[in-house]
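Report on the structure given below.
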Amino acid sequence: MIENISISVREIIEFVLRSGDIKTVFLSSARAVDGIRIHKEVQKKYKKKYEKYESEVQISRCNNIDNTVLEIAGRVDGIILDGDIPIIDEIKSVTIDMDGIHENYNLMHWAQGKMYAYMYMEEHKLDEIIVQISYCNIKSKEIKCFKKHYSIDELRKFYNEVLDGYMAFASLVGEYKKKRSGSIETLEFPFDGYRDNQRKLMKGVYKMVTDGEKMFARAPTGTGKTIATIFPTVKSIVKKDKKIFYLTAKTIGREVAKDTVNILKDNGLILKSIVITAKDKICLHEEKRCDGDYCPYAKGHYDRINDALLDILEDEDSYDMEKIMEYSQKHMVCPYEFSLDISLYCDLIICDYNYAFDPGAMLRRYFSDEISDEVKTKNNYVFLVDEAHNLVDRSREMYSAKISKKMVLDLKKKIKGKDKKLYKYYDELNKHLIDKRKEMETCKSLVFERYDDKVEELVRGIIHRTEKVFYSLSDWEHKDSLLEAYFDLYDFIKKLQLYDDSYVTYYEKSRDEVILKVFCLNPRTNLMSYTKNASSVVFFSATLSPMDYFMNLLGGDENSYYFDALSPFEQEKLCLITHQGISTRYKDRENSYGDIVETIFKAVKHKKGNYLVFFPSYKYMEDVWEILIEEYDEEDMDIVKQEKGLNEQEKEEFLNRFDENNEKTMLAMSVLGGIFGEGIDLKGEKLSGVIIVGVGLPMICLERDLIKNHYDKDSDKGFKYSYVYPGFNKVLQAVGRVIRTNDDTGIAVLIDDRFAYSNYRRIFPQEWTHMRYCRNSSEVGRSIEKFWSSV
């Protein structure tokens, strides 16, 4: 069986010929902001200069290596055909003065051009060719060119040397793919039978993935949605090679996905899979500066990385943080960069949303703007977006950016005396923010439909000037602060490039501080753009409800499919009650404390167990907590509350209180939508019920009101989109903590009269048809007593 492997010209050159240290990479990152624009400008000039000029020419060549076909492909920036000898032109944007650009400025540029040239010569049966590197300064637009003449024999020798450098990896990949495909063909579903709706979901996912479609799925807790999305997607690899990106919002989601893949591997699956861990978490060096001048793992990283890769790829198929750190220490390589290189050889990558959707953090080797749409489609990526209800707010933040006056003033003071031009840029930006603060003497914020062009000019000035002077400040004590500010401002420029009518710009003051923010009101357009990097996308969650709301904001259209499943658990397992006799509106809160305390007590007194009580705010929670501990003796129940800012150990200690062998009832009070509102799994007697105070409306604030106003322009959904639906999703998540398995029983009490209103009842999930409405705490108590008696 012949296996096919595809790699780009740039990838194979960078892989085979790389050497030396990891250095601070902000310069190349910044050039990416303007790189595409510069390429187009140079190509436009050359089209006028030369009669026969072709731009963006796709080129590829297949190479037979044992039983593997290695396809090398890429895009030539330009081909000049005016003379007797064709010229292969590579365009490179630079930020340094052109005086610093010489013929051998970057040998990797020549290597890339030589690969393109040889492939073009073979395709057109040529004996000689010219390679040209065109350097263009981003700011001055000055162009400087260098040319070299090559024969077919020279370039064939170079090309084969590059192939030889990649041979071991190509053979390894080819052999692995044979074993992988065979294991997938014989792989069976790892559990006895299917849960309700699970098989339907799996069939839907398989069809969407093989047909290259977009799907939205609401799969309630117990559906087994993780295995139901991963299993059919893995099975589809046999039909056509795919790289699967399993995208999550939180660490727990990544752990569940990893465990699910391991279950499949225990049942015979051979598959290379990796969990991408954030750079700060996986870094092995105390100083956490990814630069060979400071970190021993970055020093000489590229001299050792290919040996490290060959070692781990030959010995392992599962790559998590611990395994990557183990091999990183063995070979003295940067674990984060190591993990990204490993991912190139994996069929399944488990990572955070931002690696696929955030323009500042996305995995550029897969989703860079420099990669053509044709190549992206050919790569055949699949996005499995877990807990997709979280993506709405996460994506709003991904596509927004801000500038703090405090940061600007701090850098202005630090840079004074170091560089006059950079100081001037920071000074002008600081003055601009002072002027806006003066305009806010009688208000707290200013909102504009368009950002100020002057701000963009100043920020770009800071970026380019920082690039120019950064390395000359090697011994400066504030170099790290300058670099951090640089990245923040670079992110700001990246978000300005996305700016359209779904954005606003606002200034907000707090005492002397001023925040300037470009705020994404509606992430739909941006998400549609970034999901185009995948051939198919499946958004799924237990609480993807209301479906039309999520399909709208996450980029669905008339061609998208949706799947809405019923809960696989019997309704009788969950006692679901609304106390409609209490208002938790802000104006009524103080008057509600006594009734809420009484309702809580009557809800939990009929069964000893552990209960979570969710509140809309810390203030509300603490006020009720004080009354509870006064009125109910600690001998009768333990009453604990979530403290602010818990670290991982404190969070674990809080969850450990949910012991099924507790001698008395425990009330654990928490904030709705917080760290205990979703993503925790308290099965069996660890949790007997939840009590939810309020409808979960987000706090009224400038950004929520801006979202409301945006949607009110075209419909009457502004309040629903900005407040009601995000709040109700927190309620759904909290209720979902109760029934986790077929053996669980429990109660869920919703306290707020608005839950009885038609606008809320219309968005209740299908499995809530047995909701019981009570007018007072006594009715709540009697209903719960009857429920426990029956089960």
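The values are calculated or read from the model by the stated rules, or taken from the named source; none is laboratory data. Treat the numbers as computed from the prediction; the structure is a model and nothing was measured. Virtual Cβ from ideal backbone geometry, glycine too; neighbours counted across all protein chains shown. Ligands, DNA and RNA are excluded from the accessible area calculation, which covers all protein heavy atoms including side chains. Shrake-Rupley method; radii C 1.70, N 1.55, O 1.52, S 1.80 Å.
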Notebook entry, point to check: What's the FRET efficiency of residue 664 with residue 742 using the Cβ-Cβ distance as r and R₀ = 22 Å, to the nearest 0.05?
Noted result: 0.20
Notebook entry, point to check: region 669-791: percent of C-alpha pairs farther apart than 23 Å?
Noted result: 40
Next item on the list: Could you calculate the FRET efficiency of residue 58 with residue 410 from 1/(1 + (r/R0)^6), where r is the beta carbon distance between them and R0 is 51 Å, rounded to 0.05?
Entry: 0.60
Notebook entry, point to check: So what's the gap between the Cα centers of region 699-772 and region 36-59, to the nearest angstrom?
Noted result: 54
Check: In percent, how large is the relative contact order of region 498-576, given Cα pairs closer than 8 Å and 6 or more residues apart?
Finding: 22
Check: Over the alpha carbons of region 226-270, what is the largest minus smallest coordinate on each principal axis, giving the biggest first in Å?
Finding: 31, 21, 16
Margin query: Show me the three semi-axes of the equivalent ellipsoid for region 519-677, from the C-alpha gyration tensor (sqrt of 5 times each eigenvalue), largest first, rounded to whole Å.
Written below: 38, 19, 18
Notebook entry, point to check: Accessible area per residue, 1.4 Å probe, Å², for region 472-575: what's the number?
Noted result: 41
Check: Where does region 441-564 land on Rg/Rh, using Cα atoms and the Kirkwood Rh?
Finding: 1.10
Check: Projected area of region 2-140, taken from the Cα convex hull and averaged over every viewing direction, in nm²?
Finding: 10.2
Note to self: Taking 8 Å as the Cα distance limit and 6 or more residues as the minimum spacing, I'd like the relative contact order of region 215-335 as a percentage.
What the structure shows: 23
Check: Just the accessible area for residue 636, please: 1.4 Å probe, Å², rounded to the nearest 10?
Finding: 100
Checklist line | Fraction of antiparallel bridges per DSSP, the chain only, in percent to nearest 5 | finding: 35
Next item on the list: Please find the FRET efficiency linking residue 757 to residue 619, where r is the Cβ-Cβ separation and R0 is fixed at 22 Å, and quote it to the nearest 0.05.
Entry: 0.30
Check: Among all the aspartates and glutamates, which ones have a C-alpha under 15 Å from residue 717's C-alpha, if same-chain residues fewer than 8 places away are not counted?
Finding: 548, 705
Check: Given a 1.4 Å probe and the protein chains all in place, what does the accessible area of residue 525 round to, in Å² to the nearest 10?
Finding: 80
Notebook entry, point to check: How big is the chain on each of its three principal axes, counting only the C-alpha atoms and giving the largest first in Å?
Noted result: 95, 70, 50
Margin query: Quick check: residue separation of residue 791 and residue 175 times 0.36 nm, minus the Cα distance between them. What number comes out in nm?
Written below: 216.1 nm
Notebook entry, point to check: Roughly speaking, what is the stretch gain from residue 127 to residue 108, that is 0.36 nm per residue apart minus the C-alpha to C-alpha distance, in nm to one decimal?
Noted result: 4.5 nm
Notebook entry, point to check: Dividing the Cα convex hull volume of region 68-154 by residue count, how many Å³ per residue is that?
Noted result: 115
Item checked: At 1.567 mPa s and 4 °C, Stokes diffusion of region 120-257 via Kirkwood alpha-carbon radius, µm² per second -> 64
Notebook entry, point to check: Helix 26-49 versus the longest principal axis of the chain: what is the Cα-based angle in degrees, 0 to 90, to the nearest 10?
Noted result: 50
Item checked: All-pairs alpha carbon distance profile, region 101-200, 5 Å steps from 0, percent -> 2, 10, 13, 12, 11, 9, 8, 7, 6, 5, 6, 6, 4, 1
Notebook entry, point to check: How many nm is it between the label spots at residue 445 and residue 512, if each spot is 7 Å from the Cα in line with the beta carbon?
Noted result: 2.4
Check: What is the distance in Å between the Cα centres of region 633-663 and region 326-371?
Finding: 38
Next item on the list: For region 236-296, take the alpha-carbon Rg, divide it by the Kirkwood Rh, and send me Rg/Rh.
Entry: 1.12
Next item on the list: Evaluate 2.2 N^0.38 Å with N set to the residue count of region 393-484, then give the Cα radius of gyration divided by it.
Entry: 1.22
Notebook entry, point to check: How much of residue 788 can a 1.4 Å solvent probe reach, expressed as accessible area in Å² and rounded to 10?
Noted result: 40
Next item on the list: Filter the cross-link list 406/454; 177/214; 258/730; 157/494; 413/494; 414/517 down to pairs whose alpha-carbon distance in this structure exceeds 30 Å.
Entry: 157/494
Item checked: Percent RCO, i.e. relative contact order, over region 104-156, from Cα pairs under 8 Å lying at least 6 residues apart -> 35
Notebook entry, point to check: Counting pairs of Cα atoms in region 200-256, how many percent are more than 14 Å apart?
Noted result: 57
Next item on the list: Note the full-extension length gain between residue 139 and residue 479 as 0.36 nm times their separation in residues minus their Cα-Cα distance, in nm to one decimal.
Entry: 120.0 nm
